[in-house]
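First up is the structure itself, then whatever we jot down about it.
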Amino acid sequence: MSMMDKLKERINTLRLEAESAQDKADEAQSRVKVLEQDLLSKEQEITSLNHKNTLLEEEVEKLEKQLAEAKTAAEDGAAHGTANESLTRKISQLEEELEVADKNLRETTEKLRITDVKAEQYERKVSSLEVDCDSWEKKYEEMSAKYSEAKAELEEINKQLESF
């Protein structure tokens, strides 16, 4: 095999490696975009759950106040049998509502915690993929430089061969 054939083969190999590195860099870039979209979605979900959590806490406070008022009214109306029964029913109803609101608050808080953990995982994954992407881009630049160097070397050899 002549030196020229070897150089051509080497250039083709470098070209294929450069194309492969570019494809991998493009794929990594694509994965980074998808993960960044997921991260944005999770952050929006966190914001939404934080807002829902705040609303539920306000509802719990409101129901606790109503419960306290109902208990006070029930104690004041102990002498009034029918009023007392009504207030007792209202207390029971408010306690049930409070339990439901408290349960919703716990569930929302747990969902918020889980979403927060997932968001952190996505952030780490995005960082890792960005590092991979940078690495592939660096490899691509190195391969492009090697390709250009080999091409220039081939052209120099061609000139020398043509001059003979």
To the nearest 20 debye, what is the magnitude of the charge dipole of the chain about its Cα centre, counting +1 on the Cβ of each Lys and Arg and -1 on the Cβ of each Asp and Glu?
460
Pairwise FRET efficiency - K65 versus E85, Cβ, R0 = 25 Å, nearest 0.05:
0.65
Selected from A25, M1, L35, residue furthest toward positive end of dipole (the range 1-46; charges at beta carbon):
M1
Expressed in nm², what is the orientationally averaged projection area of the convex hull enclosing the Cα positions of the chain?
12.6
Check cross-link reach from K111 to the lysines: straight Cα distance under 16 Å, and skip same-chain residues fewer than eight apart.
K42, K52, K103
In Å², rounded to a whole number, the accessible area per residue of the range 54-164 with probe 1.4 Å is 73
Using only Cα atoms, find the angle between the long axis of helix 3-76 and the longest principal axis of the chain, and express it within 0 to 90 degrees, rounded to the nearest 10.
10
Cross-link partners among lysines for K146, C-alpha distance below 29 Å, same-chain residues fewer than 8 apart left out?
K6, K8, K24, K138, K159
Taking Cα pairs under 8 Å and at least six residues apart, what relative contact order does the chain come out at, in percent?
47
What list of ³J(HN,Hα) values in whole Hz, one per residue of the range 112-121 in order, does the Karplus curve 6.51 cos²θ - 1.76 cosθ + 1.60 (θ = phi - 60°) give from phi, with Gly and Pro shown as x?
4, 4, 4, 5, 4, 5, 5, 4, 5, 5
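The values are calculated or read from the model by the stated rules, or taken from the named source; none is laboratory data. Computed from a predicted model, the values in this text were never measured in an experiment. As a convention, Cβ positions derive from the backbone with ideal geometry for all residues, glycine included, and neighbour counts pool all protein chains shown. Please note that ligands, DNA and RNA were not included when accessible areas were found on the heavy atoms of the full protein model with its side chains. Shrake-Rupley method; radii C 1.70, N 1.55, O 1.52, S 1.80 Å.
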